[in-house]
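S.K.: This is the structure, below, for whatever I ask next.
The values are calculated or read from the model by the stated rules, or taken from the named source; none is laboratory data. Given the structure is predicted, the values throughout are model-derived calculations rather than measurements. We place every Cβ from the backbone using ideal geometry, glycine too, and count neighbours over all the protein chains shown.
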Amino acid sequence: MIVKDLMDTEFPLLSPQQTVQAALDVLVEWKIPAAPVINEDQYLGIFMFDEHVVQNLLNNLHKNDPPLVADYMKIGLSVVQEEQKINDIVVTQSPMIPVLNKEGRISGILWVHKIASMKIAKNKGFNKSSFNTRVQVVECSDRVKIRNLIMQKNGLISQSPQMLQTIDLAIKVSNSDATVLVSGESGVGKELIAKLIHNTSGRSGHFIKVNCGAIPRELIESEFFGYKPGAFTGASKEGKLGYFESADQGTLFLDEIGELPLDLQVKLLRVIQEQEVVRLGDIKPQKIDVRIITATNRDLHKMVIDKTFRGDLFYRLNVLPIQIPPLHSRQEDIPALLTAFLEKYSQKYRIGKMFSGDSLTLLCKYQWPGNVRELENLVERLVLTTDEHIILPQHLPLQVYQAGKSTMKSETTLLYNENNLIPEQIKEMRTLQDVIDSVEKEMILKALQIYGSTYRAARVLGVSQSTISRKAKKYNQINERYWREETDNMKWSE
């Protein structure tokens, strides 16, 4: 695919002599974070709304001369040609790349998130830059090629050196039969790592997953060890295989191992050591060949000290420990995961969606306490609930706004008054209340334009929704094109 196939041909053009306020109004109207700057059809650079612009606007708030686009545009960034191949593009810090025709004039723009989506689809990752979409050069060593194939087969996506080391360790230990203890916060992907170990081990049996915290206490022994016909009242006449026998020649994955009762921990230790199991109601042991992988989000070492987990079992399970880092500590993975899940659920529900640059920035600033599971669930929800083709910041949950508060603060500087709060030529002194009313009016109008509702505008400005509605009517800023009323008990997705 070439650039011409993917570029947008409808976009705004800015002039270096435009005021920054006028340029920001254009970006708000088009709902985009950046635009090219030209002078007499000659491409000069890119103006984008970022923290540098915000800080300078705040510093020059009371100066008479309004700042110009020429003062803030970024020059020296990459441009591409219409016939250039997408795979050959190296992305810069801008969320978009200007496209030049054969005459050297700008003929389109290429949004970086589109390139990112294609790279993920072709198993070529990208790292987080200022806009989280710098293309990652694919390593060529045999080890990395093998790792990438294994990751693709097992549904793992990562560009983080920390996570890649974890995956390398999982691949390395897969060839042994030693027990593995996978630790990490809830939702980091412990089961995926366990499946990777099983799938790479060459074991012929099944991968059996057991959630130790989800089995009723009175059924634990029969579920783990099985039972003979008629072993107890209500037992099946055919008897039943337990988890260990079902996983013979394969892998038994014991998730949430820290929830296992102490009395069963003794029996589990014996099975691991002896590699044999005795069904309930039987006296004859059955030999088994099972690889044991356990996982927990708890501190088992502390539980041993507190005597809530057996020390001998802990050391038997902890032969090969693997610690999976939380998502917030490997932010390089966030844009890749966002794009991959967006593609997955867009295809699943046959709904084409894309993230705006601002949305990607906010999502990458979020700490993801629920890790990859939370991220995937949120992307699926956004695909299903967002009406527009592009997922904008106002579509994101409230907690994402709060996490990206500094970014959203920069957006509120769109409220910057082109008249610098006080007119350039003061013919008569204005009262303080007049100045306050003027600024308040401008802030409310811009907040309603940006955030689309009185509810969201109120949250951003730190006032009640009724205050926004009342003052909007006071200043005659009721414009259904930009905003709509929402009730105070509106539900934000969490």
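S.K.: For the stretch 261-281, how many residues meet the condition of being over 19 Å from residue 249 (Cα atoms) and in a loop (DSSP other than H, G, I, E, B)?
M.R.: Count: 2.
S.K.: Only one of 120, 146, 89 is at pLDDT 80 or above and not acidic (Asp, Glu). Can you tell me which?
M.R.: Every option except 146 fails the conditions.
S.K.: Go through the stretch 282-334 and give me each residue that's surrounded by 13 or more Cβ atoms within 10 Å (Cβ to Cβ), in a helix (DSSP H, G or I) and basic (Lys, Arg).
M.R.: Of everything in the stretch 282-334, just one residue is surrounded by 13 or more Cβ atoms within 10 Å (Cβ to Cβ), in a helix (DSSP H, G or I) and basic (Lys, Arg), namely 316.
S.K.: Taking helices (runs of 4 or more DSSP H) that fall entirely within the stretch 138-256, which contain at least 3 residues that are touching a strand residue (DSSP E or B) at 6+ places or on another chain (Cβ under 7 Å)?
M.R.: 161-173, 190-201, 220-225, 243-246
S.K.: Another question about this same structure. Closer than 30 Å to residue 259 by Cβ, outside the structural domain of residue 206 (by TED's automatic domain parsing) and modelled with pLDDT of 95 or more, is that true of residue 317?
M.R.: Judged against the criteria, residue 317 is not a match.
S.K.: Out of 376, 388, 343, I need the residue that is at pLDDT 95 or above, out of contact with any Gly (no Cβ under 8 Å at 6 or more places or on another chain) and either of a type outside the set (Phe, Trp, Tyr) or part of a loop (DSSP other than H, G, I, E, B) (or both). Which one?
M.R.: 376
S.K.: So is residue 274 closer than 25 Å to residue 185 by Cα and of a type in the set (Asp, Glu) or not?
M.R.: When the stated conditions are applied, residue 274 does not pass them.
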